[in-house]
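The values are calculated or read from the model by the stated rules, or taken from the named source; none is laboratory data. This structure is a prediction, so every number in the text was calculated from the model and none was measured. Note that we place each Cβ from the backbone using ideal geometry, even for glycine, and neighbour counts take in every protein chain shown.
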Amino acid sequence: MSRDDKTRINRVITRTGDRGETGLADGTRISKAHPRINVLGELDELNSALGVLRARDLAADLDTVLGMVQQRLFDIGGELAVPDRQVTDDHDLVELESQADTINAELPPLKEFVLPGGHPDAAWCHHCRTIARRVERQMVALHASADDAVNPISLALVNRLSDLLFVMARLINQRHQHPETLWQPKS
């Protein structure tokens, strides 16, 4: 039987979480307030925000990169749903960094910090970047707790993702000929 023939989810409403608990993929029941579930929710929000960005009329090269990112975010969620499971690896990190480097090579050097905004797609990309930073902070907090290790590669991937989204926002502005707004420090 191929993977396509298997049903993974056939019922969405299960009522098993009505009392504030949820199940991990290994069957363990934990509170919906547990930091692990918080990180899973933050990852879901980030992936959804990326879905909104991809629903816009993005260039095919950027859409392809974001599609790969969404897949890796699901892998990270899978790791968190099964304690002690590691899916992401160094290859994933190298691929994400390579994509960021490719995008950054098209951009002029920065002389000052860039304010988020510009073209609507770039502004949404910056929003996704800030969500990625929040996910990273929550993953660090989870990893710091005594019994909840996080795959260090996954943590690095989320850190690098915010960098990728930053350069992607800059490239979107450049391609739309929308000048960047640079921070003007108060003297």
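Starting from residues that are in a loop (DSSP other than H, G, I, E, B) and among the hydroxyl-bearing types (Ser, Thr, Tyr), keep the ones in segment 156-187 and report whichever is modelled with the highest pLDDT. Among those residues, the one meeting the criterion is Thr181.
Among residues of segment 42-63 that are hydroxyl-bearing (Ser, Thr, Tyr) and loosely packed, with under 14 Cβ neighbours inside 10 Å, none has a Cβ under 7 angstrom from a residue that is modelled with pLDDT of 95 or more and not in a helix (DSSP H, G or I) at a sequence gap of 6+ or on a separate chain. Looking at segment 147-155, is at least one residue farther than 28 Å from Asn38 by Cα, of a type in the set (A, V, I, L, M) and not in a helix (DSSP H, G or I)? The answer is no; no qualifying residue exists. Scanning segment 35-63 for residues that are at pLDDT 95 or above, small (Gly, Ala, Ser) and either within 22 Å of Leu142 (Cα to Cα) or in a helix (DSSP H, G or I) (or both) yields Ser48, Ala49, Gly51, Ala55, Ala60. Filtering segment 64-91 to residues that are of a type outside the set (A, V, I, L, M), assigned to a helix (DSSP H, G or I) and out of contact with any Ser or Thr (no Cβ under 8 Å at 6 or more places or on another chain) leaves Thr64, Gly67, Gln70, Gln71, Phe74, Gly77, Gly78, Asp90, His91.
Considering segment 112-146, and only residues there that are part of a helix (DSSP H, G or I), of a type outside the set (Gly, Ala, Ser) and surrounded by fewer than 18 Cβ atoms within 10 Å (Cβ to Cβ), the residue that is modelled with the lowest pLDDT turns out to be His143. In segment 173-187, the residues that are over 23 Å from Asp57 (Cα atoms) and exposed (fewer than 14 other Cβ atoms within 10 Å of the Cβ) form Cβ pairs under 6 Å with partners that are at pLDDT below 95 and of a type in the set (Asp, Glu), at six or more places apart or across chains, as follows: Leu182/Glu112; Trp183/Glu112. Does Leu80 satisfy the criteria of being farther than 14 Å from Leu62 by Cα, surrounded by fewer than 16 Cβ atoms within 10 Å (Cβ to Cβ) and either among the charged types (D, E, K, R) or touching a helix residue (DSSP H, G or I) at 6+ places or on another chain (Cβ under 6 Å) (or both)? Answer is no for this residue.
Could you go through segment 127-135 and let me know if any residue there is in contact (Cβ under 8 Å) with a residue 40 or more places away in the chain and more than 21 Å from Ser48 (Cβ to Cβ). Checking segment 127-135: not a single residue is in contact (Cβ under 8 Å) with a residue 40 or more places away in the chain and more than 21 Å from Ser48 (Cβ to Cβ). When the residues of segment 76-110 are filtered to those that are of a type in the set (D, E, K, R) and under 15 Å from the mean Cα position of the chain (by Cα), which remaining residue is modelled with the lowest pLDDT? So, considering only residues that are of a type in the set (D, E, K, R) and under 15 Å from the mean Cα position of the chain (by Cα), the one modelled with the lowest pLDDT is Glu79.
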